[in-house]
Amino acid sequence: MLNVTDVSLSFGGLKALDTVSVAAAPGAVTGLIGPNGSGKSTLLNVIGGVYLPDLGKVTLNGQALPLGRPDRVAKRGVGRTFQVPKLAHRLTVFQNMLAGERDHCGESLPNLFFRPGRVARQEKEASGRASTILNRLGMYHKANDLAGSLSGGQQKLLTMGMLLMADPAVLLLDEPAAGVNPVLIEQQVAFLKTLRDEGRIVILIEHNMDMIANVCDRVYVLDAGSVIASGTPHEIRANETVIRSYLGQPANTQEV
Ligand SMILES: Nc1ncnc2c1ncn2[C@@H]1O[C@H](COP(=O)(O)OP(=O)(O)O)[C@@H](O)[C@H]1O
Ligand SMILES: [Mg+2]
């Protein structure tokens, strides 16, 4: 269980998060929606250890995460993607996958010299895992393509795959479907469902309400840094406050 409890964070005079509490269960996808600037990405940055909140805490299975220390939070099994995919464009899809690995012992010089067998074994194991994940993503046939040659949607799928190389207990996904074609969104949804079924904790920021309704077990609605509603996607769609805030806006300006 991941629990965000009473987290507040200001940037100068701007209260980006105001006593925000969110609970995300394993084996479920927890949605985070809200208008642009409502604090969604900031909340992921707090959970991922990038920002140290002014107040409040985040616990994973009852233990406080070392907030403000992204490397240490990552070691605790928390992985995140970004609104703009972070990839090495001149490396192949497969090479990017291998770079996504967390404890690659080949990067330690003493290991390379004194434990070459272990390094080779780990590399082989990582290659096997990369192949399996690329298969699950329906991207195995792209393994030798340069990451920079992929479409935006495929790059987002690849970043999800890279995240999985570290076998994270918690996945934080920031707008994976934005700018992605419907076929690839279907692929993302199918992949998210398998992550959920593996018992992982998935937190999903998304503007695409169909995707939210399709994949989320519970949804939190942020507005100006505060949680204004939470419930099942069905409950959220019927929630008066949420509708007044923005669900009722015309489709072309809707930012949910
Ligand atoms: N590093 C930062 N420095 C100053 N202000 C920030 C920073 N990051 C976000 N903000 C501000 O905090 C608010 C919430 O931003 P953000 O979390 O990115 O919103 P969302 O992801 O919901 O669109 C916005 O007003 C944004 O301008
Ligand atoms: Mg954002």
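The values are calculated or read from the model by the stated rules, or taken from the named source; none is laboratory data. Keep in mind the model is a prediction, meaning the values are calculated, not measured. As a convention, Cβ positions derive from the backbone with ideal geometry for all residues, glycine included, and neighbour counts pool all protein chains shown.
Structure summary
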{"read-out": "Residue in the range 71-80 that is within 16 Å of ligand 2 (Cβ to nearest atom) and either among the hydroxyl-bearing types (Ser, Thr, Tyr) or modelled with pLDDT under 90 (or both) present", "value": "yes"}
{"read-out": "Filter result for VAL180 (surrounded by 21 or more Cβ atoms within 10 Å (Cβ to Cβ), modelled with pLDDT of 95 or more and either more than 16 Å from ligand 2 (Cβ to nearest atom) or not acidic (Asp, Glu) (or both))", "value": "no"}
{"read-out": "Within the range 34-47, considering residues that are more than 9 Å from ligand 2 (Cβ to nearest atom) and modelled with pLDDT of 95 or more, the one nearest to ALA74 (Cα to Cα)", "value": "ILE47"}
{"read-out": "Given (1) crowded, with 22+ Cβ neighbours inside 10 Å; (2) within 16 Å of ligand 2 (Cβ to nearest atom); (3) not acidic (Asp, Glu), number of the condition PRO53 does not satisfy", "value": "(2)"}
{"read-out": "Residue list for the range 194-208, filter: surrounded by fewer than 18 Cβ atoms within 10 Å (Cβ to Cβ) and assigned to a helix (DSSP H, G or I)", "value": "THR194, ASP197"}
{"read-out": "ALA190 in a helix (DSSP H, G or I), among the small types (Gly, Ala, Ser) and free of Cβ contacts under 8 Å to residues at least 12 places away in the same chain", "value": "yes"}
{"read-out": "Subset of the range 1-41 [under 20 Å from GLU175 (Cα atoms), surrounded by fewer than 22 Cβ atoms within 10 Å (Cβ to Cβ) and within 9 Å of ligand 1 (Cβ to nearest atom)]", "value": "PRO35, ASN36, GLY37, SER41"}
{"read-out": "In the range 175-187, the residues that are of a type outside the set (Gly, Ala, Ser) and touching a residue at least 24 places away in the same chain (Cβ under 8 Å)", "value": "GLU175, PRO176, VAL180, ASN181, LEU184, ILE185, GLN187"}
{"read-out": "Unique residue being of a type outside the set (Ser, Thr, Tyr) and over 16 Å from ARG200 (Cβ atoms) when the list is GLY48, GLY12", "value": "GLY12"}
{"read-out": "Criterion: within 16 Å of ligand 2 (Cβ to nearest atom), touching a Lys or Arg at 6+ places or on another chain (Cβ under 6 Å), in contact (Cβ under 8 Å) with a residue 40 or more places away in the chain and not small (Gly, Ala, Ser) - qualifying residue of LEU204, LEU172", "value": "LEU172"}
{"read-out": "Residues (β-branched (Val, Ile, Thr), within 16 Å of ligand 2 (Cβ to nearest atom) and in contact (Cβ under 8 Å) with a residue 24 or more places away in the chain) located in the range 81-101", "value": "THR81"}
{"read-out": "Per-region count, the range 50-88, residues touching a strand residue (DSSP E or B) at 6+ places or on another chain (Cβ under 7 Å) and on the phi < 0 side of the Ramachandran plot", "value": "18"}
